Amino acid sequence: MPQIIDGKKISAMIKDELKTQVTALKSKQEVSICLAVIQVGNDPASAVYVGNKKKACAYIGIDSLSYELPEETSQAQLMDLIGELNHKAEVTGILVQLPLPEHIDEDAVIRAIDPAKDVDGFHPQSVGALCIGQPGFVSCTPAGIIQLLKRSGIEIAGRECVVVGRSNIVGKPMALLLLRENGTVTVAHSRTENLKEVTGRADILVVAVGRPKMITREYVKEGAVVIDVGIHRNEDGRLCGDVDYEDVAPICSAITPVPGGVGPMTIAMLMHNCVEAGKAGRR
């Protein structure tokens with residue numbers, strides 16, 4: 001039987017550690033931490049994510065502000081709000097929930113956020129810092145995966161790591177983080193030839209391709225660690241990932257389930273970034 005990597009348990013540990021940190025900082029009146037969350041429109045999935053972020057803030061002891069804007073909000077109006085929050089000293093982190101409505105330029109919005117408050121880790125300055133090994137905020141899902149591996153006792157250094165997917169939010173930063181941990185990294189994607197051969201070399205396989213149950217056992221080396229970033233609803237309305245869990249799990253040494261694997265870690269690492277932003281604002 002493979003090791004089931006429990007993201008709920010590990011994320012709860014991280015949130016408890018952060019709660020202790022925040023309590024200590026507040027007791028010394030050393031830091032104030034406040035996350036501003038902006039949601040444009042009423043996408044149901046986004047509303048759930050925003051609600052979970054608010055709950056996490058409340059649990060850890062982070063103040064939060066919520067801006068729920070109508071679907072027809074213009075780009076200029078959104079940029080004005082971000083500008084205001086950039087200049088509010090009490091706001092130490094800003095998060096704009098994605099995706100945004102089609103009439104708004106997501107890239108321009110991400111660039112408008114003060115990099116010192118970019119707790120999502122999406123700003124080009126944050127990404128550039130990661131590329132050259134400088135301190136900065138790291139995209140929450142890849143950062144969470146590194147914590148899943150480390151806290152599950154899985155060695156990264158010297159291992160063959162394959163990332164399937166090259167998005168700016170997961171695939172690219174994931175590859176950089178694995179490289180930072182001394183993994184030997186290959187990034188595969190929709191144009192990769194002989195994909196099964198490439199993924200079949202992986203000691204650690206991270207799948208963020210966005211296709212339900214695409215990865216079956218033919219793609220996986222026996223004894224590999226498999227991290228499934230995908231989340232979808234199948235024809236029965238049940239959640240599933242990019243990996244066919246039932247098919248792949250029997251040959252893995254460790255695997256993340258969907259749900260309960262990578263998902264909870266994203267919010268835990270967002271909270272980590274918020275605490276770090278608060279500390280940085282104090283200095």
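For the range 9-30, the count of residues that are touching a Gly at 6+ places or on another chain (Cβ under 8 Å) and part of a loop (DSSP other than H, G, I, E, B) is zero. For the criterion of being of a type in the set (A, V, I, L, M) and outside any helix (DSSP H, G or I), ALA202 passes. Restricting TYR59, TYR49 to residues that are under 16 Å from the mean Cα position of the chain (by Cα) and either surrounded by 14 or more Cβ atoms within 10 Å (Cβ to Cβ) or at pLDDT below 90 (or both) narrows the list to TYR49.
Contact annotation: residue pairs with Cβ atoms under 9 Å, 6 or more positions apart or on different chains, pairing a residue in the range 213-229 that is aromatic (Phe, Trp, Tyr) with a partner that is part of a strand (DSSP E or B), are TYR219/VAL164; TYR219/LEU205; TYR219/VAL207; TYR219/VAL243. Number of residues in the range 205-233 that are of a type in the set (A, V, I, L, M) and assigned to a loop (DSSP other than H, G, I, E, B) equals 7. The listed residues are LYS221, LYS279, LYS213, and the only one of them that is of a type in the set (Lys, Arg) and either in contact with a Pro (Cβ under 7 Å, 6 or more places away or on another chain) or not assigned by TED's automatic domain parsing to the domain that holds LEU148 (or both) turns out to be LYS279. Per the listing LYS221, LYS279, the residue uniquely of a type in the set (Lys, Arg) and modelled with pLDDT under 95 is LYS279. Just one of the listed residues (GLY41, GLY158) is at positive phi and assigned by TED's automatic domain parsing to the domain that holds ALA224, and it is GLY158. The set of residues from the range 234-259 being more than 22 Å from GLY171 (Cβ to Cβ) and either buried (at least 18 other Cβ atoms within 10 Å of the Cβ) or at pLDDT below 95 (or both) comprises ASN234, GLU235, ASP236, GLY237, ARG238, ALA249.
Could you count how many residues in the range 182-196 are in a loop (DSSP other than H, G, I, E, B) and crowded, with 17+ Cβ neighbours inside 10 Å? Residues flagged as in a loop (DSSP other than H, G, I, E, B) and crowded, with 17+ Cβ neighbours inside 10 Å within the range 182-196 amount to 1. Looking at the structure I just gave you, is VAL162 aliphatic (A, V, I, L, M) and surrounded by fewer than 23 Cβ atoms within 10 Å (Cβ to Cβ)? No. All of (1) assigned to a helix (DSSP H, G or I); (2) surrounded by fewer than 23 Cβ atoms within 10 Å (Cβ to Cβ); (3) without any contact (Cβ under 8 Å) to a residue 40 or more places away in the chain hold for PRO135 with one exception: (1).
The values are calculated or read from the model by the stated rules, or taken from the named source; none is laboratory data. This one's a predicted model, so the numbers in the text were calculated from it and none came from an experiment. Note: ideal-geometry Cβ built from the backbone for every residue, glycine included; neighbour counts use all protein chains shown.
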